[in-house]
Amino acid sequence: MLSLGRLHLITDTRPGRDPLAVLRAVLPVAGADLVVQVRVEDDATDREAYELACRVTEACRPYGARCLVNDRLHVALAVDAAGGHVGADDLPVAAARRVLGPDAVLGATAREPVSAGAAVDAGASYLGVGPCHATTTTKPGLPDPIGPEGIRAVAEAVSVPVIAIGGVTAATVPALRAAGAYGVAVVGALSLAADPAHATAELLRALTR
């Protein structure tokens, strides 16, 4: 199985958020256990995505943390990121693999075993699976939560790491891990935390129990 950090931080670039400040607080605590997924708003320019991804990759390098770029694979290539992540409305997984090459980390989004297996067969290195729980802090219009049992169904069907996403908190991590999740991806659990470093430590403790 791919060696991958268990805690994925997805950048929160909505108005009023400071993803780099959050990252600076998280990195010393998480180190190489962290994967940062650079995600920008749909109306962000490629230049804005590139500049953020540059700063994230530079910040991650001394800690051994990996940086991936969501959706905009040309930006991932431009900043020499470790790879990228594609969702259901992005490039097909097989096409994304051709863009990134055979050695890059490539994540794909899945909700159930059939699409999960197809994504792995097409070249996905890991799967982002969810939403696990209801969340109103990030993307609107998300499908119904699949809960730990949905995570279990996917984890039992594939041999790559399953990263649970959607409304994840330190309190919900143990059930997700018991269901087979390799790790978790978070936005609000860190970007909205009063103390992101403390919140990171709590998430890591829950992931490694």
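The values are calculated or read from the model by the stated rules, or taken from the named source; none is laboratory data. Just so you know, these numbers come straight off a predicted model, no measurement behind them. Cβ placement follows ideal geometry from the backbone for every residue including glycine, while neighbour counts extend to all protein chains displayed. Heavy atoms of the whole protein, side chains included, go into the accessibility calculation; ligands, DNA and RNA do not. Shrake-Rupley method; radii C 1.70, N 1.55, O 1.52, S 1.80 Å.
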Criterion first (touching a helix residue (DSSP H, G or I) at 6+ places or on another chain (Cβ under 9 Å), within 23 Å of Val129 (Cα to Cα) and acidic (Asp, Glu)) does Asp80 satisfy it?
no
Restricting the search to segment 1-43, which residues are at positive phi and either of a type in the set (S, T, N, Q) or modelled with pLDDT of 95 or more (or both)?
Gly31
In segment 146-166, which residue that is assigned to a helix (DSSP H, G or I) and open to solvent by 20 Å² or more (accessible area, probe 1.4 Å) is nearest to Met1 (Cα to Cα)?
Ala155
Selected residue (criterion: farthest from the chain's Cα centre (by Cα)) from residues of segment 52-86 that are closer than 20 Å to Pro102 by Cβ, of a type outside the set (D, E, K, R) and open to solvent by 60 Å² or more (accessible area, probe 1.4 Å):
Ala78
What number of residues within segment 167-203 satisfy the criterion of being surrounded by fewer than 20 Cβ atoms within 10 Å (Cβ to Cβ) and not in a loop (DSSP other than H, G, I, E, B)?
8
(1) open to solvent by 30 Å² or more (accessible area, probe 1.4 Å); (2) part of a helix (DSSP H, G or I); (3) without any contact (Cβ under 8 Å) to a residue 40 or more places away in the chain; (4) over 20 Å from Ser3 (Cα atoms): which one isn't true of Asp42, the others all being true?
(2)
For segment 116-142, which positions are at pLDDT 95 or above, open to solvent by 50 Å² or more (accessible area, probe 1.4 Å) and of a type in the set (Gly, Ala, Ser)?
Ala118
Any residue in segment 93-115 that is buried (at least 19 other Cβ atoms within 10 Å of the Cβ) sitting within a Cβ distance under 6 Å of a residue that is of a type in the set (Lys, Arg) and part of a helix (DSSP H, G or I)? List the pairs, counting only those 6 or more apart or interchain.
Leu106/Arg97
Listed residues Arg6, Arg17; which is in contact with a strand residue (DSSP E or B) (Cβ under 8 Å, 6 or more places away or on another chain), open to solvent by 40 Å² or more (accessible area, probe 1.4 Å) and of a type outside the set (Ser, Thr, Tyr)?
Arg6
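Answer yes if at least one residue in segment 125-138 is of a type in the set (A, V, I, L, M, F, W, C) and closer than 20 Å to Ala49 by Cβ, and no otherwise.
Looking through segment 125-138, none of the residues is of a type in the set (A, V, I, L, M, F, W, C) and closer than 20 Å to Ala49 by Cβ.
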Lone qualifier among Leu9, Leu52 - being aliphatic (A, V, I, L, M) and under 24 Å from Val173 (Cα atoms):
Leu9
